[in-house]
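Derivation of every value follows stated rules applied to the coordinates shown; laboratory data play no part. Please read all numbers here as calculations on a predicted model, not as lab measurements. Cβ coordinates were reconstructed from backbone atoms using ideal geometry, including for glycine residues, and neighbour counts include every protein chain displayed.
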């Protein structure tokens with residue numbers, strides 16, 4: 001892993017720590033959160049990519065050869081990194097979307113995601 005990627009991972013981990021400790025009543029926490037988010041954003045600019053495994057705003061699209069969860073507790077996480085129970089829940093939710101006539105315009109995209117989830121579940 002390159003030095004810039006290590007910096008990015010470290011910045012991401014720091015941001016996660018700050019978020020976990022965040023207290024909205026404490027003004028100093030707001031500044032720490034702001035600084036950690038800016039530091040992470042700067043590393044993303046320098047490497048040109050987000051931290052591996054966490055992808056923001058993909059909407060379930062395929063990314064780097066794999067899909068990510070478009071919603072739920074694992075939103076933005078690559079399917080390969082989601083626990084089996086989370087994948088099973090996501091499969092049920094996406095299957096429901098595939099069958100829903102009101103979501104017909106998203107059927108093809110949801111079906112692709114469902115196929116990827118089933119494929120990942122089959123490898124476990």
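Values as computed for the structure displayed
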{"item": "Those residues of region 17-46 which are outside any helix (DSSP H, G or I) and in contact with a helix residue (DSSP H, G or I) (Cβ under 6 Å, 6 or more places away or on another chain), in sequence order", "result": "22, 23"}
{"item": "Counted residues, region 104-124 - those being farther than 13 Å from residue 82 by Cβ and not in a helix (DSSP H, G or I)", "result": "0"}
{"item": "Scope region 87-120; condition under 18 Å from the mean Cα position of the chain (by Cα) and closer than 16 Å to residue 74 by Cβ; matching residues", "result": "87, 88, 89, 90, 91, 93, 94, 113, 114, 116, 117, 120"}
